[in-house]
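Computed from the coordinates by the stated procedures, all read-outs in this text should not be read as laboratory data. Everything numeric here is computed off the predicted structure, so don't read it as measured data.
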Amino acid sequence: MMTIYEEQKKKALERLRIMGADEEVVGILEALNRLDDFYTTSSCSGRVALICIPEIGAKRDAEFIGKWHRAVTKEEVSEAIKAPEKGELWLISQSPILHVSCRGLEKAKALLRVAIESGFKYSGIKSISKDNGKIMVEIMSTERMDVPLGKDDVFFCSESYMDYIVSKANFMLTRGKVKLKRLYYGLQELE
């Protein structure tokens, strides 16, 4: 008979099989999910995105105008841009993020040590379940940029500034992907 933890892991792996994952994190997901005491619940290899929001803090109402899990060109971003008739337009660059369920505090601490040593300095325990001892670890790095580009049909950026912020977004994205490689090799310590 399966434990609650094993049932939850089975469901999470089925969702992953159906939904898939970003190519750059597949090896990490496989490495974690083959271990008895870990399973992943969500992941992203990092991204650059254009979003439109009514105002800061209205994340649920955000509309993605463009989303790339790779480096982008200024031309790609410019083509995707449409100044919002109402609301704010933002360019964001986000680091890789993984959510990993761990069976017990000692396993969570071991995973956190590997993540932090791999450069994922914003990693930590997200939640602790009373029911089954499951600890949710969030693996995340410091690379993040959120830049307002326009508001209510007005665009704020010059062409040279767009060059600059797109290059910085790509730089942060690349740094995060290098850390993913270090994490992949660091996970061998958990086997």
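GNM on the chain, alpha-carbon springs under 10 angstrom: the most fluctuating residue among Cys157, Cys52, Cys44 is Cys157.
Note the angle between two axes, namely the Cα long axis of helix 4-19 and the longest principal axis of the Cα atoms of the chain, as a number of degrees from 0 to 90, rounded to the nearest 10. Value to nearest ten degrees: 40. Rounded to two decimals, the Cα-based Rg/Rh of segment 4-190, with Kirkwood Rh, is 1.04.
Across segment 4-190, the mean sequence separation of Cα contacts (distance under 8 Å, 6 or more residues apart), normalised by length, yields a relative contact order of 25 percent. Plainly put, segment 93-163 has a radius of gyration that is 1.26 times its Kirkwood radius, both from alpha-carbon atoms, as the Rg/Rh ratio. Taking one quarter of the surface of the convex hull spanned by the alpha-carbon atoms of segment 1-82 gives a direction-averaged projected area of 7.7 nm².
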